[in-house]
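> Sharing a structure here in structure tokens format.
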Amino acid sequence: MPRRSWRPTFALLFVSGVVFAAESERTGLGSEPTAEELGAAGYTVFPDGKGLPAGSGTVSEGRAVYQQFCAACHGKNAEGDEAAALVGGRDSLTSGRPRKTVESYWPYATTLWDYIRRSMPYESPGSLNDDEIYAVVAHLLHLGGVVGEDAVLDQESLPRVEMPNREGFVSDDRPDTD
Amino acid sequence: MSKQRPSRRAFLGLAGAAAASSLHPAARAQTTGEIRDLGDTPSDYGRPSPFEDSKRWSRAPDATASSSNTPLADLEGIVTPSGLHFERHHTGVPAIDPDTHRLTIHGLVDRPLVFTMDDLVRMSSVSRFHFIECSGNSAREWSPAGAPNVQLSHGLASCSEWTGVLLADLLDEVGVKADASWIVAEGADAGLMSRSVPLERALDDVMIAYGQNGEAVRPEQGYPLRLLVPGCEGSISVKWLRRIEVAHMPSMARDETSKYTDLLPDGKARQFTLVMDAKSVITRPSGEQKLDRPGFFEIRGLAWSGRGTISRVEVSTDGGRSWTDAEIEGPRHAKAFTRFRSPWRWDGGRHLLMSRATDDTGYVQPTLAALLEARGRSTIYHNNRIKAWEVRESGEVTNAEA
């Protein structure tokens, strides 16, 4: 991160006995947002739970949310229809016919919360409230056998959910051809 | 049709093109009498000649999985006309008023800042040629014959001159805290498309682009503002950029876990396979074209590498038994389309045409067999195999099993 070494605002550089005063590259452009403006700008949910809002949802609450907003595309039991299957496929990843679902493939439960908040339901993203998102995530993880029938998901419990394929990813080791 | 410059159609001998042009209503300038009609007056915004018919090809016209492919066989040089740049968007193209658009940079920073478009245009600018390639480009090339034409086989790649601000300059404005290691970018499309970029990479050559080929970035490409991560898979160059969060870890967004990861035979999947490896393809002659008669042709194509510049392109007309170096024509920018050409006399026989790129890291474009050997058959993305076109005795050009 070489550019950060340009701070503080003045750096004295000695080059061949000549002294240069290098001014900071900051332009001062841009404006500092108020706390309200920053809060409205949006947020990201991270695997450690950072960003997750208050609220909670249960499996049974999620069943109703799912049937109303999700089942038409993803199938009654999330088995896939017009849109992708969300459950099933465990142990298929080495089969030559992998079925990559939330249950079989996704490494973090927080990703499901983040993605539903961003992009689902497809025709009206943003229409679910935080409780409904926690609930539908709980329902899907229960359908996939990841959490029990009595699970309650919130900003504390969701990051602690152990996804079946949590250890299924490796870093990029290309080039891999001669 | 005789023109000063051999047209694309003359080269291809495309049936019907000559007939269509002689009937075209815009052909009125070609009068035979002594009195000649005046031509058109100046226009607000010029368009291609009505005799030209280059078009993107779209798989799904609805917004559900929208993408469209660049007609690479029609292109000259290294720049993709902005209107022919490939598209890939997950929730449609939003219409954004630049006067109300804002870029917020926050998270692990000394001072969060909100930038207007005017702020960004005032900052130091850079203009650079870079390709963008969807990592799902050439997904049909996992089968030996692959797609029947180069628009389908390689058309999820395009190259533009991008103008904008270096992200490093913007991160200087906000001041990145010592415990930061990633940035998370977010778009203003309906689905708030989001990807994580390693901070080290973000401080390198990543741009926030508002210009494309001399004008504003096109709506399909992120108007008014997009992230541009040179050399990396297209989806990380988040379009309609509205927010950057400086963070302590990647967000593990859906499009860097569920999608855009590469499943290997042992069941493990490679993640953050961002760089697009060196690749090339012959665009003329290529699939679904037709050589009208034996004689001289120039084999032409494009090569690119996400790791640097193209140092060499070789061409084979005998299915890879022998190779000759092609000429590099025009500029050779890092992480940009590079044009190659090689003279060829077609003897009227059957030939398998192939190209093979090498970049300045020494990486050599692999065969399909080498990719399958290394990765198995369950990967989807990052197919940069050597592509073969078969020229038949009839002059027809088809996809071929190399």
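> Can you give the average number of partner chain beta-carbon atoms within 10 Å of each beta-carbon in peptide A:44-51, as a whole number?
On the way: counts 13, 5, 11, 5, 2, 0, 6, 4.
Partner-chain Cβ atoms within 10 Å, mean over residues of A:44-51: 6.
> Now for a separate question. Could you give the length gained on full extension between A:Glu82 and A:Arg26, defined as 0.36 nm per residue of separation minus the Cα-Cα distance, in nm? Working shown, then result.
Details: separation 56, 0.36 × 56 = 20.16 nm, distance 5.02 nm.
Stretched out fully, the A:Glu82 to A:Arg26 stretch lengthens by 15.1 nm.
> Please report the antiparallel percentage of DSSP beta bridges with both residues in the protein assembly as shown, rounded to the nearest 5. Don't skip to the end; give the middle numbers.
Numbers: 85 of 94 bridges.
About 90 percent, rounded to the nearest 5.
> Follow-up. Using the Cα centre of chain A as the reference point, and only Cβ charges (+1 on K/R, -1 on D/E), how large is the resulting charge dipole? Debye, rounded to the nearest 20.
In debye, rounded to 20, chain A gives about 440.
> Cα axis of helix A:130-143 to longest principal axis of chain A: angle in degrees, 0 to 90, nearest 10?
That works out to roughly 60 degrees.
> Collect residues whose amide H, placed 1.01 Å from N in the peptide plane, falls under 5 Å from the amide H of B:Ala269; neighbours closer than 5 in sequence don't count.
When sequence neighbours closer than 5 places are left aside, the close amide H contacts are A:Phe169, A:Val170, B:Leu264.
> Along the charge dipole of chain B, which of B:Gly330, B:Ile183, B:Gly46 sits closest to the positive end, that is, farthest toward it, with unit charges on the beta carbon of Lys, Arg, Asp and Glu (+1, +1, -1, -1)?
It is B:Gly330.
> Now for a separate question. Which one, B:Trp389, B:Gly33, B:Ser138, projects farthest toward the positive side of the charge dipole computed for the protein assembly as shown from Cβ point charges (K/R +1, D/E -1)?
B:Gly33
> Just tell me how shielded B:107-119 is by partners: mean number of partner chain Cβ atoms within 10 Å of each residue's Cβ, no decimals.
Going residue by residue through B:107-119 and averaging, the value is 3.
> Let me ask another. How much of the DSSP beta bridge set in the range B:279-399 is antiparallel, as a percent to the nearest 5?
Restricted to the range B:279-399, the bridges split so that about 95 percent are antiparallel.
> Under a point-charge model restricted to the Cβ atoms of Lys and Arg (+1) and Asp and Glu (-1), what is the dipole moment magnitude of the protein assembly as shown relative to its Cα centre, in debye to the nearest 20?
It works out to roughly 1680 debye.
> Another question about this same structure. Give me the aspartates and glutamates in straight-line cross-link reach of B:Lys290: C-alpha distance below 17 Å, same-chain residues under 8 apart excluded.
Cα-Cα hits under 17 Å: B:Asp74, B:Glu298, B:Asp347, B:Glu390, B:Glu393, B:Glu396.
> Report, in deg cm²/dmol and to the nearest 500, the calculated mean residue ellipticity at 222 nm for chain B, where each DSSP H run with n ≥ 4 adds -39500 (n - 2.57) and the sum is divided by the residue count.
Details: 7 runs with 43 residues, N = 402.
After summing the helix terms and dividing by residue count, I get -2500 deg cm²/dmol.
> Another question, then. To make sure I understand the rule: partners must be lysines, Cα under 25 Å from the Cα of B:Lys177, and not fewer than 8 residues away in the same chain. Which ones qualify?
Those lysines meeting the cut-off are A:Lys50.
> Add +1 for every Lys or Arg and -1 for every Asp or Glu among the other residues with Cβ under 13 Å from the Cβ of A:Ala54, and state the total.
On the way: positive: none; negative: A:Asp130, A:Asp131, A:Asp154, A:Glu156.
Net local charge, A:Ala54 excluded: -4.
> Which FRET efficiency, nearest 0.05, do B:Asp179 and A:Ser127 yield, Cβ-Cβ r, R0 25 Å?
On the way: r = 36 Å, r/R0 = 1.42.
Step by step, r from the Cβ atoms, then E = 0.10.
> Please compute the contact order of chain B in relative form: average sequence separation of alpha-carbon pairs under 8 Å and at least six residues apart, divided by the residue count, as a percent.
16
> If you plug each phi of the range B:349-354 into the Karplus form 6.51 cos²θ - 1.76 cosθ + 1.60 with θ = phi - 60°, what whole-Hz ³J(HN,Hα) values come out, in order, with x for Gly and Pro?
Here the 3J(HN,Hα) series is x, 7, 9, 10, 9, 9 Hz.
> Calculate the length of the line joining the C-alpha centroid of the range B:75-113 to that of the range B:387-402, in whole Å.
38
> On to the next question. Inside 10 Å of the C-beta atoms of A:30-38, what's the mean count of C-beta atoms belonging to other chains?
5
> While we're on this one: Determine the dipole magnitude for the range B:60-265: charges of +1 sit on the beta-carbon of Lys and Arg, -1 on that of Asp and Glu, nothing else is charged, the reference point is the Cα centre, and the result goes in debye to the nearest 20.
Values: 16 positive and 28 negative charges, 63 e Å.
In total the dipole reaches around 300 debye.
> Rounded, prolate or oblate: which fits chain B when a ≥ b ≥ c are the square roots of the eigenvalues of the alpha-carbon gyration tensor, with rounded for a/c under 1.5 and prolate only if a/b beats b/c?
Oblate.
> Kindly provide the Kirkwood hydrodynamic radius of the protein assembly as shown in Å, to one decimal, from all pairs of distinct alpha carbon atoms.
Result for the protein assembly as shown stands at 26.0 Å.
> Okay, moving on. Any idea what angle helix A:59-69 forms with the longest principal axis of chain A, computed on alpha-carbon atoms, 0 to 90 degrees, nearest 10?
90
> While we're looking at this one, here's another question. If packing is taken as the mean number of other Cβ atoms within 10 Å per residue, what is the order of B:377-384, B:154-161, B:91-98, highest first?
Per-residue mean Cβ counts within 10 Å order the peptides as B:154-161, B:377-384, B:91-98.
> A further question on this structure: For the range B:254-307 and the range A:34-56, write down the distance between their C-alpha centroids in whole Å.
The range B:254-307 and the range A:34-56 have Cα centres separated by 39 Å.
> Just by accessible area at a 1.4 angstrom probe, what is the order of A:Lys76, B:Lys279, A:Lys50 from largest to smallest?
A:Lys76, A:Lys50, B:Lys279
> B:Lys268: which lysines have alpha carbons under 23 Å from its alpha carbon, excluding same-chain residues fewer than 8 sequence positions away?
A:Lys100, B:Lys259
> Which entries of B:Lys55/B:Lys239; B:Lys239/B:Lys387; B:Lys55/B:Lys335 show an alpha-carbon separation above 28 angstrom in the structure shown?
Beyond 28 Å between Cα atoms: B:Lys239/B:Lys387.
> For B:Phe51 paired with B:Glu329, estimate the spin-label separation in nm (one decimal), with each label point 7 Å from Cα along the Cα-to-Cβ line.
In this crude label model, B:Phe51 to B:Glu329 measures out at 1.9 nm.
> Still on this model: Ratio to report: Rg/Rh of the range A:68-178, with Cα atoms as the point set and Rh obtained by the Kirkwood method; give two decimals.
Ratio of gyration radius to Kirkwood radius: 1.01.
The values are calculated or read from the model by the stated rules, or taken from the named source; none is laboratory data. Just so we're clear, the structure is a prediction, and the values are computed from it rather than from any experiment. Here Cβ is always computed from backbone atoms with ideal geometry, including for glycine, and neighbour counts include all displayed protein chains. Protein only, heavy atoms only, side chains kept; ligands, DNA and RNA dropped before computing areas. Shrake-Rupley method; radii C 1.70, N 1.55, O 1.52, S 1.80 Å.
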